[in-house]
1. Along the Cα→Cβ direction, 7 angstrom out, place labels at residue 363 and residue 96. What is the inter-label distance in nm?
2. Which links in 297/326; 361/467; 293/345; 356/453; 345/453 stretch past 32 Å when you go from one Cα to the other?
3. Binning at 5 angstrom from zero up to the longest distance, how are the C-alpha pair distances of segment 240-297 distributed in percent?
4. Under 10 Å from the Cβ of residue 55, count the other residues' Cβ atoms, weight Lys and Arg +1, Asp and Glu -1, and hand me the total.
5. For segment 11-18, what does the Karplus curve 6.51 cos²θ - 1.76 cosθ + 1.60, with θ = phi - 60°, yield as ³J(HN,Hα) per residue in whole Hz, taken in order and with x for Gly and Pro?
6. Can you give me the distance in nm between label points at residue 41 and residue 381, each placed 7 Å from the Cα along the Cα-to-Cβ direction?
7. Remind me, what semi-axes does segment 303-386 give for its equivalent ellipsoid, largest first in whole Å, using sqrt of 5 times each Cα gyration tensor eigenvalue?
8. Could you list which residues have their amide H under 5 Å from that of residue 224, counting only those 5 or more apart in sequence or on another chain, with H placed in the peptide plane?
Amino acid sequence: MDKSLREFSWDILEMIDMGIHVVDSKGVTVFYNAAMGRLEMTEPSDMMGKGLAEMFPSLNRGSSTLLYVLQTGETIVDRVQTYFNYRGQEITTINTTCPLLKNNRVIGAVEIARDITKLRELAEKVSYTRKKGNERQPRQTRERLRYGFTDIIGESRGIRDAVGIAEKVAHTSSPVLIYGETGTGKEMFAQSIHRAGMRGGQAFVTQNCAALPESLLEGILFGTVKGGFTGAVDRPGLFELADRGTLLLDEINSMGTGLQAKMLRVLQDGFVRRIGDTGVTPVDVRIISTANKDPMKSMEDGTLRKDLFYRLSVVYIKIPPLRERKEDIPVLSRHFINRFNARLKKNVTGLADGVKDLFVKYDWPGNVRELENAVEGAMNVANGDIIELCDLPPYLFGDDDGHREKTGGYTLPVYGPAEGGPALDDMLDDMEREIIINALKSSGGNVTRSAEKLNIKRQTLQYKMKKYGLRM
Ligand SMILES: Nc1ncnc2c1ncn2[C@@H]1O[C@H](COP(=O)(O)OP(=O)(O)OP(=O)(O)O)[C@@H](O)[C@H]1O
Ligand SMILES: [Mg+2]
């Protein structure tokens, strides 16, 4: 080719409205045009002669297509890549990346990138197709999104701070780890983050890591190929199904450490390999994980790998337990009363003073879920328009009534008797009723004194009197 013509082609590449980035075999930039500069908010002159690792610290072999191609010699076509430029802005591009070969040796790589942020936004507005072709999501992973940020009630500093962080990071793709005791609203936070961000129209896939044995979970997360192991079928894993969307890994602290190591590899590389597969599939998934046990403790006792923790907790959100933000109890109670008024067609207007006091004193091991259940239960039995102490389940007063166990707010099922004969429960109820009647008789109907005699709290006695239809 005529030399001046060759110079023209460089000029054309320089002017074209498509980002072009060429690196040598060491990942050092040798060509970088203005369009790429606009995409990555970078001065082309700053890029020349610099290594990728230096310019984009958040990239690694997995998340950088250029580095991947340099190492493997493979070509990647139309891969969506989301990353942060060195000014901390998130960019989404569609890239084709090819190795530059000389005598079968990789001497460099070229990346051609188009900004698809606008296109994607438009496409998401027009239609929402969840997944390509026939790769339907398994039923248990299809998630109906129920929550958004406006559903998260609470005025305490702790909850407002947590919501503040969550709202800010909703627009990025950084991994988020949410730590909170059971019933504190981790699922609400995860769904809200997904919905508010640019992945909101994409798949939201949930997997509980405690529910399955490690080997099964591995296949579910990464997928399998036919013949990979006996009986294996071609099935995409949840990473693939969540591509471009969000994968919620619930109770990450319960995942086996062997699988944690494999997870780490996927997160670092940005590629998954189905079990039994020889090839890899690039995935673009935002990971939100939750822990119901303090991750620091899980790392100490060796159940959570440190390297995985640091990878997953780029954004760390702690939701305080309800007992540490008691100022949220009144507004949460009101919220639940309104909800159950509508649902149960009731007209409850509030809580009696004694109930308010008890709610503040109680330590709510089952957190907001337990409060929600207590309000619902009370509203089922409440006669008037105010929830009274006697409407509440007795375990809230610290007494066990023989049927319930404290289990973080849940009620253990009471198993029925064998067929025939009176149920043990019924017999116990009859006995209890008689004992209460006797106590009331012997104290002239005085509830407080009867309760003292029976060595239970007054409120518990009132509850039981109501249960057995005993009126004073
Ligand atoms: N701040 C809140 N405002 C309103 N409702 C809440 C709040 N926090 C929790 N809830 C309610 O409490 C219940 C439990 O919430 P969620 O499932 O998100 O908790 P979780 O932390 O994921 O619990 P678990 O660890 O048991 O999975 C839900 O019914 C939810 O609506
Ligand atoms: Mg949950």
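Where a number appears in this text, it was derived from the coordinates with a stated rule and is not lab data. All of these numbers come straight from a predicted model, not from anything done at the bench. Neighbour counts are summed over all protein chains in view; Cβ atoms, including those assigned to glycine, are modelled from backbone coordinates with ideal geometry.
1. 6.4 nm
2. 293/345; 345/453
3. Answer for segment 240-297: a P(r) of 4, 16, 24, 28, 16, 8, 3, 1 percent.
4. Spelling it out: positives minus negatives among the neighbours equals -2.
5. 4, 4, 4, 5, 8, 4, 8, 9
6. About 5.8 nm separates the two model spin labels.
7. Working: eigenvalues 233, 40, 21 Å².
Taking √(5λ) for each eigenvalue gives 34, 14, 10 Å, largest first.
8. So residue 224 has HN proximity to 235, 237, 275.
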